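Worksheet for the structure shown next.
Rule-based calculations on the coordinates, nothing more; no lab input. Computed from a predicted structure; not experimentally measured. Glycine also receives a Cβ, built like all others from the backbone with ideal geometry; neighbour counts cover every protein chain displayed.
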Amino acid sequence: MTPKLLEAIIRQIGAEFSASFSYLAMAGWCEHRQFMGAGRWLRMQSAEEHQHATKLFNFVLARNHPVRLPGIDQPTSEFKSLAEVFERALAQEQAVSKQIDSLYELAFNEKVFAAMAELQWFITEQVEEEKTVREIVAKMHMVQDDPASLLDLDRELGARQPEADGEGDEDA
């Protein structure tokens with residue numbers, strides 16, 4: 001692995017932990033306002049992002065490199081509405097997709113094929129994550145501020161089940 005790519009992957013580990021922290025802050029906002037289903041969904045998303053960071057962490061170690069964990073900024077914890085929470089979540093997922101694409105491009109240009117193989121999983125994952133959050137945002141816009149519809153949507157979000165694959169917990 002080249003020093004340039006290693007540094008970029010370290011930054012991505014920080015970005016994934018930052019996304020996890022951000023989702024947890026969103027969950028706190030939701031749960032404080034009794035949107036317990038949205039809070040559950042966002043807590044699960046936080047755990048997924050933590051797993052993504054751990055997957056990259058494990059990859060760096062598997063390639064016999066030391067891992068430095070970068071600091072992360074305090075996430076936003078105030079939102080105007082439930083819709084804004086998920087609009088921010090979508091923007092976050094889109095930003096992460098761009099980061100992963102840039103990382104893949106760097107791995108390609110540096111000819112680090114093991115990293116390209118590892119990052120392919122992340123590219124596929126980001127397509128699914130963007131799609132899921134985009135659908136939630138669309139539903140938020142449909143229901144707007146209708147209390148009964150928001151409660152139904154909150155209940156739907158709370159029905160989310162954990163992923164069974166445990167991707168982030170395995171050795172890279």
Mean shadow area of region 1-93, taken as a quarter of the surface of its Cα convex hull (nm²): 6.0
For region 23-80 and region 83-97, what is the separation of their C-alpha centers, rounded to whole Å? 13
Gain upon complete extension [Lys111, Lys80; 0.36 nm per residue less C-alpha separation]: 6.6 nm
Calculate one ³J(HN,Hα) per residue across region 6-19 by plugging θ = phi - 60° into the Karplus curve 6.51 cos²θ - 1.76 cosθ + 1.60, and present them in order as whole Hz with x for glycine and proline. 4, 4, 5, 5, 4, 4, 5, 4, x, 5, 5, 5, 4, 4
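I need the calculated FRET efficiency for the pair Met142 and Ala47, taking r as the beta carbon distance and R₀ as 35 Å, to the nearest 0.05.
Given R0 = 35 Å and the Cβ-Cβ separation, E is 0.80.
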Under unit Cβ charges (Lys, Arg +1; Asp, Glu -1), what dipole magnitude, rounded to 20 debye, does the chain have relative to its Cα centre? 380
Output needed: percent of Cα pairs per 10 Å distance bin for the chain, bins running from 0 to the one holding the longest distance. 10, 38, 31, 16, 5, 0
What dipole magnitude, in Debye to the nearest 20, does region 1-85 give about its Cα centre under +1 on Lys/Arg Cβ and -1 on Asp/Glu Cβ? 220
